[in-house]
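Q: Structure in C-alpha cells, see below.
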Amino acid sequence: MNIFCFFLYAFLLLGVLIVPVLFFMAAPYGRHFSANWGVGVNNRWAWVIMEFVSLLSFSFFFIFFLKPSVQWMHWFLFALWILHYTHRSLIFPFQLRSSQSKMPLLIMLNAVLFNVINGGLNGFYLGAAKTLYPENYYLTGYFILGFFLFLSGMIINISSDYYLISLRSENQNHYVIPKWRWFNYVSSPNYLGEIIEWIGFALMAQNMPAWVFAFWTVANLVPRAVTHHKWYKNKFPDYPKNRKAIIPFLF
Ligand code: NDP
C-alpha cells in the first residue's frame, strides 16, 4: 500500500470511529461552546484560519503534483473547491455578528489538521489526474446530477447561514426560532446543504478522496444537527413539532 492509500484509509477509518462520539459530544463551539476546553480564540478569526488552510493545502497539492494529463474537468473541480473555500474562509466569517464569541483553540487546531489532510488528499488526487474523465463527460448523468446537487447544496447552505446570521444585530449572542423557508422542514438546512454540496462534488469527481470527504461531512454534520435539534426543543417549548433535525419529513 502506498503512502497516499494509507492516509486515505486511515482518514476514512477515523471518520467511521468518530460518528458515535459526535452523537454524544458536540464539538464545543457556537451554542455548544464550553470553557472547559481550554484557551479560547476569537471565533471569526478561527473560521478564517481553519478554512483558509483548506484553500492553501488543496491548491498547493494540486499544483505541486500537476500532471500534463490533467483535463479541463480537473480544473473545473479545482475551481469549485476554490469557490467554496474562498467564500467559507474570506467572506462568511466577516458576516458573523457575534464578533466577540470564542472558539476553543483545540477545536480550531483540530479543524486545521483536518483541512490540511482533506485538502491535501483531494488536491493531490485531482492535480495528479488519477481519475481520467471520458470525452464529453459533462453530458453524463454523473456530471449533470453532481453539478446540480453541488449548486443547489451551496445555495441552501449559504442562504440558510445568512438567514441565521441576520437573526442577530452586531455583538448579540441570543438565539431565536428560525422560521424561514427550509427551516420549516429541518432545524439545520445549512448542514443539509453542505452535505448535498459535497455529495454532488463526489459524484462529479468520481474519486475516493472526494467520497471520503462527503462521508466526513455527513459524519460531522448529522450528529451536530441532531444535537442542535434537541437543543432547540429544550430551549423553546413552542418549537415547531413537525420540524425534523436534518432530513425533511424523516429525521
Ligand atoms: P450554525 O448553524 O451553528 O451557526 C451558523 C451561524 O448562525 C453562527 O453565527 C450562529 O451563532 C448563528 N445562529 C445559529 N442558529 C441561530 C439562531 N437560532 N438564532 C440566532 N443565531 C443563530 O453553524 P456552524 O457555525 O456550525 O457552521 C457554519 C458553517 O460551516 C455551515 O455552513 C456549516 O455547514 C459549515 N461547516 C461545515 C463542516 C464540514 O464538515 N464540512 C463542519 C462544520 C461547519 P453562534 O456561533 O453564536 O451559535
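Since every read-out is calculated from the coordinates, none of them should be taken as a lab result. Predicted model only: the values in this text are computed from it and were never measured. Using ideal geometry, Cβ is built from the backbone for each residue, glycine included, and neighbour counts are taken over all protein chains shown.
Q: For the stretch 1-68, what ratio Rg/Rh do Cα atoms give with a Kirkwood hydrodynamic radius?
A: 1.09
Q: At 20 angstrom or more along the helix axis (alpha-carbon based) and mean Kyte-Doolittle of 1.0 or higher, what helices does the chain contain? Whole DSSP H runs only.
A: Those that clear 20 Å and a mean of 1.0 are 3-24, 43-64, 105-127, 141-166.
Q: Excluding residues fewer than 8 places away in the same chain, name every one of the lysines whose C-alpha is closer than 19 Å to that of K67.
A: Here the lysines satisfying the reach criterion relative to K67 are K130.
Q: Let me ask something additional. First measure r as the distance between the Cβ atoms of S69 and A35, then evaluate 1/(1 + (r/R0)^6) with R0 = 35 Å and state the FRET efficiency to the nearest 0.05.
A: 0.10
Q: Something else: Could you work out the Kirkwood radius for the stretch 88-206, taking every pair of different alpha carbons, averaging 1/r and inverting it, reported in Å?
A: 16.8 Å
Q: Using a Gaussian network for the chain with springs between C-alpha atoms less than 10 Å apart, which of these wobbles most: P237, P20, P104?
A: Residue with maximal mean-square fluctuation among P237, P20, P104: P237.
Q: For G40, list long-range residues whose amide hydrogen, built 1.01 Å from N in the peptide plane, is under 5 Å from its own amide hydrogen.
A: L105
Q: Find the Cα radius of gyration of the stretch 151-214, compare it with 2.2 N^0.38 Å by division, and give the number to two decimals.
A: It is 1.34.
Q: Hey, quick one: spin label on K233, modelled 7 Å out along Cα-Cβ, who in the stretch 8-25 has an amide N within reach, i.e. under 18 Å?
A: 23-25, by backbone N distance to the label point.
Q: Tell me, what is a quarter of the convex hull surface for the C-alpha atoms of the stretch 94-137, in nm² with one decimal?
A: Averaged projected area of the stretch 94-137's Cα convex hull equals 5.5 nm².
Q: Next question. Divide, for the stretch 141-188, the radius of gyration over alpha carbons by 2.2 N^0.38 Å, where N is the residue count.
A: 1.47
Q: Pick out which of F213, F94, F114 has the largest mean-square fluctuation in a Gaussian network model of the chain, springs linking Cα atoms closer than 10 Å.
A: F94
Q: A further question on this structure: Could you tell me the ratio Rg/Rh of the chain? Both radii from Cα atoms, Rh via Kirkwood.
A: 0.97
Q: Counting only residues 5 or more places away or on other chains, whose amide H sits under 5 Å from the amide H of K102 once H atoms are built in the peptide plane?
A: N43
Q: Using Cα springs under 10 Å in a Gaussian network model of the chain, which residue among P134, P223, P209 shows the largest mean-square fluctuation?
A: Checking each option, the largest mean-square fluctuation is seen for P134.
Q: Less than 22 Å apart at the alpha-carbon level, and either on another chain or at least 8 residues along: which lysines does that give for K230?
A: K179, K241, K244
Q: Something else about it: Assuming 0.36 nm per residue, please report the length gained on full extension of the stretch I3 to T140 beyond their Cα-Cα distance.
A: In short, 46.1 nm is gained.
Q: For the stretch 26-160, compute the orientation-averaged projected area of the C-alpha convex hull (one quarter of its surface), in nm².
A: The Cα convex hull of the stretch 26-160, projected and averaged over all directions, gives 9.1 nm².
Q: At 222 nm, what value in deg cm²/dmol follows for the chain if DSSP H runs of at least 4 each add -39500 (n - 2.57) and the sum is divided by all its residues, to the nearest 500?
A: Value at 222 nm, helices only: -21000 deg cm²/dmol.
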